[in-house]
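Report on one structure; see the data block that follows.
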Amino acid sequence: MVGDIRLWDVRASSTVPVWGVREKDDCFADVAASDSLSALFKVGAASGEVFMADLRRLSGDGTSVDPWVCIGDGQRAGAATASRRKDGNGCRIECYRSWVFVARGAYAEVWTQVEITSEPGEKKVMRRNWVGNGPSMVTADGEEMDKIVSWAFGGGRMALARVDKRSVEVWDSASGTISGE
């Protein structure tokens, strides 16, 4: 599997992309861009892991340096790529404000940027949290949750729909607003 990602400057009259990359190893299953984090995020089709590329550091045609940094489990990503697995099939990724949401089958995770030093503006890393109970999410009846098929974001809420369900789940952040604004 091979995937191309290309970026254009909408202010330019040229139809030639300003940056592009052709992926061969852990091609993307889904890609999203975040204005507030100045980054591209992808879910690897082989590994299902989350990768990040800093938009401020992209240069040239994208062929000389791999822009992706695995913010998930790097060892798992390497093993999945080597064995040609397809753990990322069906995964979805979406950026909303300063959060990055990933749907993996029946559960969702959210990635946020946190500072790891006491000095403001110093070292920042991405951390993962689960929406709900994570991969072991079960209903009150003890049944496994159904696959997430659609989601939408607005204000401090996320609404999601599951396969074969006639209801919508609405997740509200504790403060009613997304932090980091």
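The values are calculated or read from the model by the stated rules, or taken from the named source; none is laboratory data. None of these values were measured; they are calculated from a predicted model. Every residue, glycine as well, gets a Cβ built from its backbone with ideal geometry; the counts of neighbours run over all protein chains shown.
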Checked the stretch 79-94 for anything more than 14 Å from the chain's Cα centre (by Cα) and either assigned to a loop (DSSP other than H, G, I, E, B) or exposed (fewer than 13 other Cβ atoms within 10 Å of the Cβ) (or both); matches are Ala82, Ser83, Arg84, Arg85, Lys86, Asp87
By residue number, the members of the stretch 9-54 that are within 27 Å of Ala106 (Cβ to Cβ), without any contact (Cβ under 8 Å) to a residue 60 or more places away in the chain and among the polar types (S, T, N, Q) are Ser47
Per the filter on the stretch 72-86, residues closer than 25 Å to Gln113 by Cα and touching a strand residue (DSSP E or B) at 6+ places or on another chain (Cβ under 8 Å) are Gly72, Ala77
* To do: Answer yes or no as to whether Arg76 is modelled with pLDDT under 80, surrounded by 13 or more Cβ atoms within 10 Å (Cβ to Cβ) and part of a loop (DSSP other than H, G, I, E, B).
  => no
Taking the stretch 8-33 and the residues there that are aliphatic (A, V, I, L, M) and out of contact with any Gly (no Cβ under 7 Å at 6 or more places or on another chain), the one that is nearest to Ala79 (Cα to Cα) would be Val31
